[in-house]
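The values are calculated or read from the model by the stated rules, or taken from the named source; none is laboratory data. Note that the coordinates shown come from a computational prediction; the quantities given were computed from them, not determined experimentally. Cβ coordinates were reconstructed from backbone atoms using ideal geometry, including for glycine residues, and neighbour counts include every protein chain displayed. Side chains are part of the model used for accessible areas, which takes the heavy atoms of the whole protein and leaves out ligands, DNA and RNA. Shrake-Rupley method; radii C 1.70, N 1.55, O 1.52, S 1.80 Å.
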Amino acid sequence: MKISSLWQAPVGSQCKVKEINLNKTEKERILDLGMIPGTNVKVLQKSPMGDPTAYLIRGSVIALRSEYTKKITIEKI
């Protein structure tokens, strides 16, 4: 199982969040959305310009910008 950032995960892939390396305010926002370490995430689609990207997290679709997803470490499953 390869570890990388969420930003690098291709559309259609599934992964598990390992670590969130954001500042306190940004991290709290991401945690409030349900993305906590151990959460399974599916990459649904990228916007036409490539940012933001839509993710399926705990039954909800969430769009996140690359400035956040580059700092979220994942493990592909």
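The GNM of the chain, with springs linking C-alpha atoms under 10 angstrom apart, assigns the highest mean-square fluctuation among Thr53, Thr39, Thr25 to Thr25.
May I ask you to derive the FRET efficiency for Lys16 and Met49 from their Cβ-Cβ distance with R0 = 35 Å, giving the value to the nearest 0.05? It comes to 0.80. Amide H of Ser5: which non-local residues (sequence gap of 5 or more, or other chain) have their own amide H closer than 5 Å, using H built in the peptide plane? Answer set, sorted by chain and number: Ile74. Around Ser13, under 10 Å between beta carbons, what's the net of Lys plus Arg minus Asp minus Glu among the other residues? Summing Lys/Arg as +1 and Asp/Glu as -1 gives +2.
Counting each pair of different Cα atoms once, what's the Kirkwood radius of the chain in Å, rounded to one decimal?
12.1
Of the chymotrypsin sites (Phe, Trp or Tyr not before Pro) in the chain, not one is in a loop by DSSP (not H, G, I, E or B) with at most 16 other beta carbons within 10 Å. One chain, two ends: Leu31 and Ser4. Fully extended at 0.36 nm per residue, the span grows by 7.8 nm beyond their Cα-Cα distance.
The residues of the stretch 32-77 have, on average, 56 Å² of accessible surface per residue, using a 1.4 Å probe with all protein chains present. GNM, the chain, Cα, under 10 Å: largest mean-square fluctuation among Ser66, Ser13, Ser47? The residue with the greatest mean-square fluctuation here is Ser47.
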